[in-house]
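K.L.:
Structure below; questions to follow.
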Amino acid sequence: MKRKNLCNWCWLIIISVLSACGPNIQDDNYTPNQKLANTYAEMGKRHMQDGRYHIALKKLEKALSLDKNNAYTHLYIAILYYKHLESSDDKARQHFEKALALKPNDSFILENYGQFLCEHDQWKKANKRFQQALENPNSYDYLEIPYGNAGLCALRHKKYHQAETYFRKALQKNSNFPRALHHMAELTYKQKHYQQARHYLQRYEKIAKHTSKTLWLGVRIERALKNREAEADYALSLLRHFPDSEETQLLNQSKKP
């Protein structure tokens, strides 16, 4: 599988398309050929979900041979090329652009293309796609997801003010959105608003399990607030549960005189 070292912003890359809230390409008004193409496309999507990427590719290629003008088939195959097949970024881009040409206002296509552009260091183009996707909020059952994706992309490109705006909007839609709480804690810590950072992290702790990143953040927040007992608690949890993590290495380095 490609891109094993993807940064953590990519965690939501295909949720909106491949989950139950994603688009359904079946349509009773389609021709028999189009319906058969849709069937192959849905089969390809399911194989991709199950990790059978080369079988998924065959099904999606069959769908395209039957109907070249189904935007979601192009979207699925773009995601497949982008996320799971080696050296296929050019093909992924072609299919993203074809999907967008067929459905230029489709939020799912815009958002996923935005993710692709973001990872390829095209922040302005990516952010434009995110904003276009968010102009059509009725396409989403969970609007915190696209706001969260946009925020993660902004973080990747060190656009901290824009990231904060997106994460705040995500939390307005869902006050218990773990990743937004985590990253708001990170952002407020970087701004030296340590009490706010503690508040966001405590909210995170109530609804989600700690990761090595959130425990290391807790260490740094409590260290900044000079709460040695809380700092030690976070440090102990980090050492116990994530002994081989990069954050544990950072913790050990920070203890050196």
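K.L.:
Only one of 81, 72, 76, 142 is of a type in the set (Phe, Trp, Tyr) and outside any helix (DSSP H, G or I). Can you tell me which?
P.N.:
After applying the criteria, what remains is 142.
K.L.:
Go through 180, 185, 197, 208 for me and flag whichever is in contact with a Pro (Cβ under 8 Å, 6 or more places away or on another chain) and not aromatic (Phe, Trp, Tyr).
P.N.:
208
K.L.:
Now for a separate question. Could you check segment 175-193 and list, in sequence order, the residues that are within 12 Å of residue 221 (Cα to Cα), surrounded by 20 or more Cβ atoms within 10 Å (Cβ to Cβ) and without any contact (Cβ under 8 Å) to a residue 24 or more places away in the chain?
P.N.:
Of everything in segment 175-193, just one residue is within 12 Å of residue 221 (Cα to Cα), surrounded by 20 or more Cβ atoms within 10 Å (Cβ to Cβ) and without any contact (Cβ under 8 Å) to a residue 24 or more places away in the chain, namely 188.
K.L.:
Take the residues of segment 204-227 that are assigned to a helix (DSSP H, G or I) and either β-branched (Val, Ile, Thr) or modelled with pLDDT under 95 (or both): which is surrounded by the most Cβ atoms within 10 Å (Cβ to Cβ)?
P.N.:
221
K.L.:
Something else about it: When the residues of segment 86-113 are filtered to those that are of a type in the set (Asp, Glu) and either free of Cβ contacts under 8 Å to residues at least 60 places away in the same chain or in a helix (DSSP H, G or I) (or both), which remaining residue is surrounded by the fewest Cβ atoms within 10 Å (Cβ to Cβ)?
P.N.:
90
K.L.:
Looking at 165, 188, can you tell me which residue is among the β-branched types (Val, Ile, Thr) and within 19 Å of residue 134 (Cα to Cα)?
P.N.:
Result of the check over 165, 188: 165.
K.L.:
Return the only residue of 238, 201 being assigned to a helix (DSSP H, G or I), touching a Gly at 6+ places or on another chain (Cβ under 9 Å), of a type outside the set (Phe, Trp, Tyr) and in contact (Cβ under 8 Å) with a residue 24 or more places away in the chain.
P.N.:
Step by step, each of 238, 201 is checked, and only 238 is assigned to a helix (DSSP H, G or I), touching a Gly at 6+ places or on another chain (Cβ under 9 Å), of a type outside the set (Phe, Trp, Tyr) and in contact (Cβ under 8 Å) with a residue 24 or more places away in the chain.
K.L.:
Anything in segment 156-174 that is part of a helix (DSSP H, G or I), without any contact (Cβ under 8 Å) to a residue 60 or more places away in the chain and not aliphatic (A, V, I, L, M)? List them, or say none.
P.N.:
160, 161, 162, 164, 165, 166, 167, 168, 169, 172, 173
The values are calculated or read from the model by the stated rules, or taken from the named source; none is laboratory data. Treat the numbers as computed from the prediction; the structure is a model and nothing was measured. Backbone-built Cβ (ideal geometry, glycine too); neighbour counts: all protein chains shown.
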